[in-house]
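The values are calculated or read from the model by the stated rules, or taken from the named source; none is laboratory data. A quick note: this is a predicted structure, and the numbers were derived from the prediction, not measured. Here the Cβ positions follow ideal geometry from the backbone for every residue, glycine too, while neighbour counts run over all protein chains shown. Just the protein is used for accessible areas: all its heavy atoms, side chains included, with ligands, DNA and RNA removed. Shrake-Rupley method; radii C 1.70, N 1.55, O 1.52, S 1.80 Å.
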Amino acid sequence: MTILQKGYSVTIILAVLTFFGSTRWLLYTEEAPSAWLNFSLCGLVGIITAYVFVWITKYYTDYKHEPVRTLALSSSTGHGTNIIAGVSLGLESTALPVLVISVSIISAFWLGHTSGLVDETGSPTGGLFGTAVATMGMLSTAAYILTMDMFGPIADNAGGIVEMSQQPESVREITDVLDAVGNTTKATTKGFAIGSAALASFLLFSAYMDEVSSFAREPLKQVDIAIPEVFIGGLLGSMLIFLFSAWACAAVGRTAQEVVKEVRRQFIERPGIMDYKEKPDYGRCVAIVASASLREMIKPGALAIVSPIVVGFLFRVLGYYTGHPLLGAKVVAALLMFATVSGILMALFLN
């Protein structure tokens, strides 16, 4: 883990230097000579956000730190206390990342807003672009973060090879420690992905509002959740995240049951497997998982795609008859924003 973190530190230094050079070269303008510096600082905000996210994820998932040690201690009193402690830890782990994302969005928006760039009316612009640059800053270290992610499966496979080739227990102890590091790096990548998605979601929502305004030729600058239909859209958006998660978990459960049944069948039909006299049919288990991973995600995937269309269409029809032509767009806006916020929290909790 220390070696991986040293590599990440080098990546951050290179990213900062390149980012400042790139913004000076690409974003310098005589109308606002200091704008490039503001956008460089936006990029720096993104890079720092990525680093803090990696640190927070490591704190909550590395066995060297208090949360995992407390969770391990709760296992000594049974499954129930282990599950309660684990759920509690997952819920708690949403707080720090949300605070970090909040500070990042405000900082980047403010730096972009005060860059000196103005529109045709003289109003400050560049706030949203500052957030976009911060997102790019966060993504500038993505290649190395993904490399850290690959360490997990490699260490996991090594442990499996050691076990199946009947190596001494001392060898398995080494691969177990490496596997623990791999679990942390996998969680780190997911935390990084959630953080960058949270930054990008603010931009996407603003882009949606702009697109609606352009398409309808009517300004849509804000969405009032005090309107009952809009509030319902938000409620539906939050519900979608929980329903999607439920269907995804159920899909994993069903696939696991299929694999267990297949393994039991092989044990019955090939009793020599346990004595290493017969080889198991690994291909059958792999085929079950591969086909199920595609088949089982059709329903959750369709839910994510179809829901905004159906909700938007229904409320557009309702708005047409009640004299509110943009009602459908506003309800979908609430659905998207509430779903995004709920999705970020759920993703952090599950990670």
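Can you list, bin by bin at 10 Å, the percent of alpha carbon pairs in the range 222-350, starting at 0?
Result returned by the calculation: 12, 29, 21, 15, 11, 7, 4, 0.
Show me the ranking of peptides 227-233, 287-293, 106-112 by mean Cβ neighbours inside 10 Å, starting with the highest.
Taking the mean over residues of other Cβ atoms within 10 Å, the ranking is 106-112, 227-233, 287-293.
Quick one: if you stick a label point 7 Å off each Cα along the C-beta vector at I232 and V252, how many nm between them?
It works out to 3.4 nm between the two label points.
Placing +1 at every Lys and Arg Cβ and -1 at every Asp and Glu Cβ, with all other atoms neutral, what dipole size does the chain have around its Cα centre, in debye to the nearest 20?
Working: 22 positive and 26 negative charges, 114 e Å.
I would put it at about 540 debye.
Over the chain, with the other protein chains present, what is the accessible area per residue in square angstrom, probe 1.4 angstrom?
Normalised by residue count, the accessible surface of the chain is 59 Å².
To the nearest 10 square angstrom, what accessible area does M297 show with a 1.4 Å probe?
Looks like 80 Å² after rounding.
For the range 294-338 and the range 137-199, what is the separation of their C-alpha centers, rounded to whole Å?
For the range 294-338 versus the range 137-199, the Cα centre distance is 38 Å.
Hey, in the GNM for the chain with a 10 angstrom Cα cutoff, which one of T125, T322, T188 fluctuates hardest?
In the Gaussian network model the winner is T322.
Can you give the helix-only mean residue ellipticity at 222 nm for the chain, where every DSSP H stretch with n ≥ 4 adds -39500 (n - 2.57) and the sum goes over all residues, rounded to the nearest 500 deg cm²/dmol?
-28500 deg cm²/dmol
Which of the trypsin sites (Lys or Arg not before Pro) found in the range 17-84 are in a DSSP loop and have at most 16 neighbouring Cβ atoms, other than their own, within 10 Å?
Within the range 17-84, the qualifying trypsin sites (Lys or Arg not before Pro) (loop, at most 16 other Cβ atoms within 10 Å) are K64.
Which entries in the list K6/K58; K64/K190; K186/K299 go over 18 Å, if you measure between the two C-alpha atoms of each?
The pairs that break the limit, which is 18 Å between Cα atoms, are K64/K190; K186/K299.
In whole angstrom, note down how far apart the Cα centers of the range 202-223 and the range 1-61 are.
30
What distance in nm separates the two pseudo spin-label positions at Y321 and I84, each 7 Å out from Cα along the beta-carbon direction?
5.1
How large is the dipole of the range 222-350 about the Cα centre if only Lys and Arg carry +1 and Asp and Glu carry -1, each at its Cβ, rounded to the nearest 20 debye?
With only Lys, Arg, Asp and Glu charged at Cβ, the dipole is about 280 debye.
Filter the chymotrypsin sites (Phe, Trp or Tyr not before Pro) in the range 234-295 to those in DSSP coil with at most 11 other Cβ atoms within 10 Å of their Cβ, and list the result.
The qualifying sites are Y276.
In the range 222-350, carbon and sulfur make up what percent of the accessible area (probe 1.4 Å)?
Using a 1.4 Å probe with all protein chains present, the range 222-350 comes out at 72 percent carbon and sulfur.
In the chain, if the dipole is taken from +1 on Lys/Arg beta carbons and -1 on Asp/Glu beta carbons about the Cα centre, which of F315, S293, L117 is farthest to the positive end?
Going by the charge dipole, the pick is S293.
What's the carbon and sulfur percent of the range 1-221's accessible surface, probe 1.4 angstrom, rounded to a whole number?
68
Put R217, R295 in order of accessible area, largest first, 1.4 Å probe: what do you get? Can you show the working numbers first?
Details: R217 215, R295 110 Å².
So, going from the largest accessible area down, we get R217, R295.
What is the spread of the Cα atoms of the chain along each of their three principal axes, largest first, in whole Å?
If we take the Cα atoms of the chain, the spans are 81, 55, 38 Å.
Would you work out which of A108, T184, S74 lies farthest towards the positive end of the dipole of the chain, given +1 charges on the beta-carbon of Lys and Arg and -1 on that of Asp and Glu, about the Cα centre?
About the Cα centre, the residue reaching furthest to the positive side is S74.
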